Amino acid sequence: MAKVLVVDDAAFMRMSIQKMLEPHGHEMIGEAENGVEAIKKYMELKPDIVLLDITMPEMNGVEALKQIKEKDPNAKVVICSAMGQQAMVAQAIQYGAKDFVVKPFEVERLIAAIDRVMGK
């Protein structure tokens with residue numbers, strides 16, 4: 001079971017992800033709606049994995065990823081992006097994202113990404 005921090009500016013998306021995680025034994029231990037909040041929550045909660053949206057207000061997911069990895073080089077982050085954000089996804093991978101899932105995503109793909117990153 002992974003303890004997951006879900007970061008997305010859309011509340012319905014955070015709720016949807018939570019509903020996808022729980023039947024597969026993963027627990028959403030926290031949520032954030034922007035990159036600034038994501039960094040704070042990461043340091044507070046120390047999740048096993050972060051599901052991080054790219055496009056958000058205040059601070060985007062790429063910058064948040066960069067700062068999380070600076071604070072914890074072992075952080076496990078999966079980027080969630082919409083189609084057409086390939087350049088930002090590539091940048092996120094350079095900064096240390098372990099995987100990415102394209103929105104709208106299927107439950108199987110999301111869980112497979114989490115399981116792979118967690119080493120299952």
Can you name the number of the only condition in (1) modelled with pLDDT of 90 or more; (2) touching a Gly at 6+ places or on another chain (Cβ under 9 Å); (3) over 16 Å from ASP48 (Cβ atoms) that GLN94 fails?
(2)
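Hey, could you check the stretch 50-87 for residues that are open to solvent by 60 Å² or more (accessible area, probe 1.4 Å) and among the hydrophobic types (A, V, I, L, M, F, W, C) and say which is modelled with the lowest pLDDT? If you could, list the steps in order and put the result at the bottom.
Of the residues in the stretch 50-87, the ones open to solvent by 60 Å² or more (accessible area, probe 1.4 Å) are 55, 57-58, 63, 66, 70-71, 73-74, 76, 83-84, 86-87.
When the remaining residues are screened for being among the hydrophobic types (A, V, I, L, M, F, W, C), the result is 83, 87.
On the way: MET83: 66, ALA87: 80.
The selected residue is MET83.
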For the stretch 22-47, enumerate the residues that are free of Cβ contacts under 8 Å to residues at least 40 places away in the same chain, over 16 Å from PRO57 (Cα atoms), open to solvent by less than 80 Å² (accessible area, probe 1.4 Å) and in contact with a helix residue (DSSP H, G or I) (Cβ under 9 Å, 6 or more places away or on another chain).
GLU27, MET28, ILE29, GLY30, TYR42, MET43
Report whether or not ALA32 is touching a Lys or Arg at 6+ places or on another chain (Cβ under 6 Å), closer than 17 Å to VAL117 by Cβ and at pLDDT 95 or above.
no
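Would you check which residues across the stretch 92-112 are in a helix (DSSP H, G or I) and either acidic (Asp, Glu) or over 13 Å from the mean Cα position of the chain (by Cα) (or both) and list them? Spell out how you get there, then give the answer.
First pass over the stretch 92-112, keeping only residues in a helix (DSSP H, G or I): 92-94, 107-112.
Within the stretch 92-112, GLN94, VAL107, GLU108, ARG109, ALA112 meet the criteria.
The values are calculated or read from the model by the stated rules, or taken from the named source; none is laboratory data. Computed from a predicted structure; not experimentally measured. Reconstructed Cβ throughout: ideal geometry from the backbone, glycine too, with neighbour counts over all protein chains shown. Surface accessibility is based on the protein's heavy atoms, side chains included, excluding ligands, DNA and RNA. Shrake-Rupley method; radii C 1.70, N 1.55, O 1.52, S 1.80 Å.
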